[in-house]
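Below is one structure, written out as C-alpha cells; the observations come after it.
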Amino acid sequence: MFSVREPKMKIFAGILAAIVLIAGVYMTFFQSRGFVKTTASITDVRMDSTGESMIYYPTVEYTVDGKTYTTELDTGSGSYRIGQTLSVLYNPDNPAVAHDGGSIGLYLMIAGAVILAVIAFSAIKEKQR
C-alpha cells in the first residue's frame, strides 16, 4: 500500500499538487483573460452517463454584434435545462469560442491545496516522532 511517509510518494504527491494548483490558477485567472461576458440561452442538453450518475452538457446560443453563435459548453452539471439563461464568456477576437467561466479551476486549486496540506501535515507529524 502507498504511504505518504515514503519520500518518493511525497515527491510525487508534491509534483501532482503543484500541477493541479497551477492548472487551477490558470483556468481561474488567465484562461478567460480578455473574454467578454454575455447572456446565453440553453437550446439543447446532451446527457452523458459516468457510471452511476448523469452529467448534462448544455448547448448555448448567444448573440455578438448581431450574429448568433451556438456552442456546447464543456462543463457538465445536473442542473441545466432547455430555455434557461446563463452567463458565458466569449473571445472577442473569435466569438464562436466561449465557455461558462466555470468553477473547475477553483476545484483544482482546492484539490492542489488539500494535497499540499496532507504532505505538510505528514511531514510535521513525522518530525514530531
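Brief remarks on what is shown
- Helical mean residue ellipticity (222 nm; -39500 (n - 2.57) per DSSP H run of 4+; nearest 500) of the chain: -12000 deg cm²/dmol
- Close Lys pairs in the chain (alpha-carbon distance under 29 Å; sequence gap of 8 or more, or different chains): 5.
- Each of Thr59, Thr43 has some number of other Cβ atoms within 10 Å of its Cβ, and from fewest to most they run Thr43, Thr59.
- Panel order for Arg81, Arg46, Arg129, by other beta carbons found within 10 Å of each beta carbon, from fewest to most: Arg129, Arg81, Arg46.
- Over the chain, relative contact order from alpha-carbon pairs under 8 Å, at least 6 apart, %: 33 percent
- Placing unit charges on the Cβ atoms only, positive for Lys and Arg and negative for Asp and Glu, gives the stretch 34-100 a dipole magnitude near 180 debye about its Cα centre.
- The angle between the Cα long axis of helix 7-25 and the longest principal axis of the Cα atoms of the chain comes to about 20 degrees, rounded to the nearest 10.
- Under the Debye formula (equal points on every Cα, no solvent term), log10 I(q)/I(0) of the stretch 34-100 at q = 0.13 Å⁻¹: -0.35
- The Rg/Rh ratio of the chain, with Rg taken over Cα atoms and Rh as the Kirkwood radius over Cα pairs, comes to 1.15.
Laboratory data are not the source of any read-out in this text; all were calculated from the coordinates shown. Since we're looking at a predicted model, the values are computed, not measured. Cβ sites come from the backbone with ideal geometry, for glycine too, and all protein chains shown count toward neighbours.
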